[in-house]
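Taking it in order: structure first as structure tokens, then the write-up.
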Amino acid sequence: MVQESPLYLPPFEGESISHYLGRWYRLETVSISNSTSLSRKLRLGKTLYRWEKFYFNPPPDQEELEKMSAIMHLEIDLLRQMFPPADEPIKPEPIRLCGACYAEVPYHRLSWQFQSTQGCDRHRLRLVSACRGHKCNERFPIPRDWVDGRCKNAV
């Protein structure tokens, strides 16, 4: 796949498909602005929306990955890494993150949603599922909707 395309967006290491899609939709060069439009183009019905919310039943098959790869100008192997391995159960709710990792580079890691993940191995911190800002405590939205790396209630 040619990675010089104006539609190409390099994924972050371990980035979740939900977060990546949100960043991709917001590229100035992308004319597809949401999961509904992309789903129509891919003929996926509501499947893509379910994937954005970490419901991977059914998981993407090879044909779906090939279609997404072609539209997004992203290598299939890179795309596949944004989905959980078949043997790794996902905890779709609540959306979780390591505050220290997120402060370093603000993107959602797929591994934070693994059922087996209790905390951050790197920082030895518990994962949080709500904003800890002053008087906020609002649960995190799906990563597709994370725009600027901070809570929408932050001033």
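Residue pairs whose Cβ atoms lie under 6 Å apart, sitting 6 or more positions apart in sequence or on different chains, and linking a residue in the range 47-71 that is crowded, with 17+ Cβ neighbours inside 10 Å to a partner that is small (Gly, Ala, Ser) and modelled with pLDDT under 95, are Leu48/Ser35; Leu48/Ser39; Tyr49/Ser35; Glu52/Ser35.
Restricting to the range 104-152, give me the number of residues that are farther than 16 Å from Lys91 by Cβ, touching a Pro at 6+ places or on another chain (Cβ under 9 Å) and modelled with pLDDT of 95 or more. Counting residues in the range 104-152 that are farther than 16 Å from Lys91 by Cβ, touching a Pro at 6+ places or on another chain (Cβ under 9 Å) and modelled with pLDDT of 95 or more gives 1. If the condition is being surrounded by 12 or more Cβ atoms within 10 Å (Cβ to Cβ) and within 21 Å of Trp51 (Cα to Cα), then the range 99-126 contributes Pro106, Tyr107, His108, Arg109, Leu110, Ser111, Trp112, Gln113, Phe114, Thr117. For the range 103-142, a residue qualifies if it is out of contact with any strand residue (DSSP E or B) (no Cβ under 6 Å at 6 or more places or on another chain) and touching a residue at least 60 places away in the same chain (Cβ under 8 Å), and the qualifying residues are Val105, His108, Arg109, Leu110, Ser111, Ile142.
Candidates Asp145, Asp87: the one that is touching a residue at least 60 places away in the same chain (Cβ under 8 Å) and either open to solvent by 30 Å² or more (accessible area, probe 1.4 Å) or β-branched (Val, Ile, Thr) (or both) is Asp145.
Would you check which residues across the range 1-54 are in a loop (DSSP other than H, G, I, E, B) and of a type in the set (Asp, Glu) and list them? Answer for the range 1-54, where residues must be in a loop (DSSP other than H, G, I, E, B) and of a type in the set (Asp, Glu): Glu4, Glu13, Glu28.
The values are calculated or read from the model by the stated rules, or taken from the named source; none is laboratory data. The model shown is predicted, which means the values in this text are computed figures rather than measured ones. Counting neighbours? That spans all protein chains shown, and the Cβs are built from the backbone with ideal geometry, glycine included. Side chains are part of the model used for accessible areas, which takes the heavy atoms of the whole protein and leaves out ligands, DNA and RNA. Shrake-Rupley method; radii C 1.70, N 1.55, O 1.52, S 1.80 Å.
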